[in-house]
Ligand SMILES: [Zn+2]
């Protein structure tokens, strides 16, 4: 499995890393520095949408992946079968879209036939709710 690097940024004050790169830390009023992150992480949560937003093929496989350092990504994948929370996957970034595991160009092309406008917004909304659910799960575990 080929491991690629992903562009991100790190807060010099608290050490938080985020991707895609952000100019400022969400926690501190300081500018973040750009870093290269290793494109491999752990599955935090995943889902398969059988009624995906317009513009995406069904089923749409999404996973929330955490990288060492705290950065979290919503990634697209070819399938979620066999995936578990804590599974290690490779992440690849292609035009600001992240993919888990290794996918060839043809697999990537099959995932989308159109990825613009509202469809992109809908996926970001799904990504946010998935991230929120994973976060709540973490709170339950830690309390
Ligand atoms: Zn910070």
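The values are calculated or read from the model by the stated rules, or taken from the named source; none is laboratory data. If you're wondering where the values come from, they're calculated on a predicted model, not measured in any experiment. For neighbour counting, all protein chains shown are included, and Cβ atoms are generated from backbone atoms with ideal geometry for every residue, glycine included.
Assess whether residue 69 counts as being touching a strand residue (DSSP E or B) at 6+ places or on another chain (Cβ under 6 Å), at positive phi, at pLDDT below 90 and part of a loop (DSSP other than H, G, I, E, B). So that I can check it myself, show each step before the final result.
On the way: touching a strand residue (DSSP E or B) at 6+ places or on another chain (Cβ under 6 Å): yes; at positive phi: yes; at pLDDT below 90: yes; part of a loop (DSSP other than H, G, I, E, B): yes.
Judged against the criteria, residue 69 is a match.
What do you reckon, is residue 105 modelled with pLDDT of 80 or more and on the phi < 0 side of the Ramachandran plot?
Numbers: modelled with pLDDT of 80 or more: no; on the phi < 0 side of the Ramachandran plot: yes.
Judged against the criteria, residue 105 is not a match.
Scanning the range 73-88 for residues that are modelled with pLDDT under 85 and assigned to a strand (DSSP E or B), which turns out farthest from residue 11 (Cα to Cα)?
88
Results for (1) in a loop (DSSP other than H, G, I, E, B); (2) at pLDDT below 85, shown as yes or no for each residue.
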position	(1), (2)
8	no, no
22	yes, no
29	yes, no
36	no, no
41	no, yes
46	no, no
51	yes, no
62	no, no
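Check 54, 66 and return the single one that is away from the ligand (no atom under 16 Å from the Cβ) and loosely packed, with under 15 Cβ neighbours inside 10 Å. It would help to see each step written out before you state the result.
On the way: 66 fails: loosely packed, with under 15 Cβ neighbours inside 10 Å.
Selected residue: 54, the only one of 54, 66 that is away from the ligand (no atom under 16 Å from the Cβ) and loosely packed, with under 15 Cβ neighbours inside 10 Å.
Suppose we filter 72, 84, 10 for residues that are under 19 Å from residue 132 (Cα atoms) and within 16 Å of the ligand (Cβ to nearest atom); which single one remains?
Values: 84 fails: within 16 Å of the ligand (Cβ to nearest atom); 10 fails: under 19 Å from residue 132 (Cα atoms).
Every option except 72 fails the conditions.
Just wondering, is there one or more residues in the range 21-41 that are more than 16 Å from the ligand (Cβ to nearest atom), surrounded by fewer than 17 Cβ atoms within 10 Å (Cβ to Cβ) and closer than 19 Å to residue 127 by Cα?
No, the range 21-41 has no match at all.
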